Amino acid sequence: MLGGWNIDEIKGINLPQKAASAFTAVTGELVGAEYMPVLYVGKQIVNGTNYCIICVQRIVIPNSEKRLVKMVINEAPDGKASLVSVSGIAL
């Protein structure tokens, strides 16, 4: 894309165990995009726990561009994970 940033080679990271379990549960249910965690920002104790993870998102279509997104996942007190939000990060 002319004038836009091209996301070069970025390596994924290992998430803390609980965040990784929630990430796997949530992203396993998503269709149309793939997510690779590249930065674990941290957690927030609310009604359960929110995890904030920066990911590379790739829409599952030929020749799609990658972009960085902030993903927030909630793990409820009963252990069920749900997606709170996915928002683009402007470069």
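The values are calculated or read from the model by the stated rules, or taken from the named source; none is laboratory data. This structure is a prediction, so every number in the text was calculated from the model and none was measured. As a convention, Cβ positions derive from the backbone with ideal geometry for all residues, glycine included, and neighbour counts pool all protein chains shown. All accessible areas refer to the heavy atoms of the entire protein, side chains included, with ligands and DNA or RNA removed. Shrake-Rupley method; radii C 1.70, N 1.55, O 1.52, S 1.80 Å.
Side notes on the structure shown:
- With DNA, RNA and ligands ignored, accessible area of residue 43 (1.4 Å probe; Å², nearest 10): 140
- Accessible-area order (highest first, 1.4 angstrom probe) of the listed residues 73, 45, 7: 45, 7, 73
- ³J(HN,Hα), Karplus 6.51/-1.76/1.60, whole Hz, each residue of region 8-20, x for Gly, Pro: 6, 4, 10, 9, x, 10, 8, 7, x, 3, 5, 5, 5
- Based on alpha-carbon atoms, the Kirkwood radius and the radius of gyration of the chain give Rg/Rh equal to 0.99.
- Selection from 46, 7, 83, by position along the positive dipole direction of the chain (Cβ): 46
- Where GluC sites (Glu not before Pro) fall in DSSP loop in region 1-77, at most 16 other Cβ within 10 Å: 9, 29, 65
- Residue-normalised accessible area of the chain, expressed per residue, 1.4 Å probe, Å²: 67
- Qualifying chymotrypsin sites (Phe, Trp or Tyr not before Pro) in region 1-35, DSSP loop, other Cβ atoms within 10 Å at most 14: 5
- Per residue of the chain, the DSSP helices (runs of n ≥ 4 H) give a summed -39500 (n - 2.57) that works out to -3500 deg cm²/dmol at 222 nm.
- This model, with +1 at the C-beta of Lys and Arg and -1 at the C-beta of Asp and Glu, gives the chain a dipole about its Cα centre of some 140 debye.
- Electrostatic bookkeeping for residue 34 treats Lys and Arg as +1 and Asp and Glu as -1; over the other residues with beta carbon under 14 Å from its beta carbon, the sum is +1.
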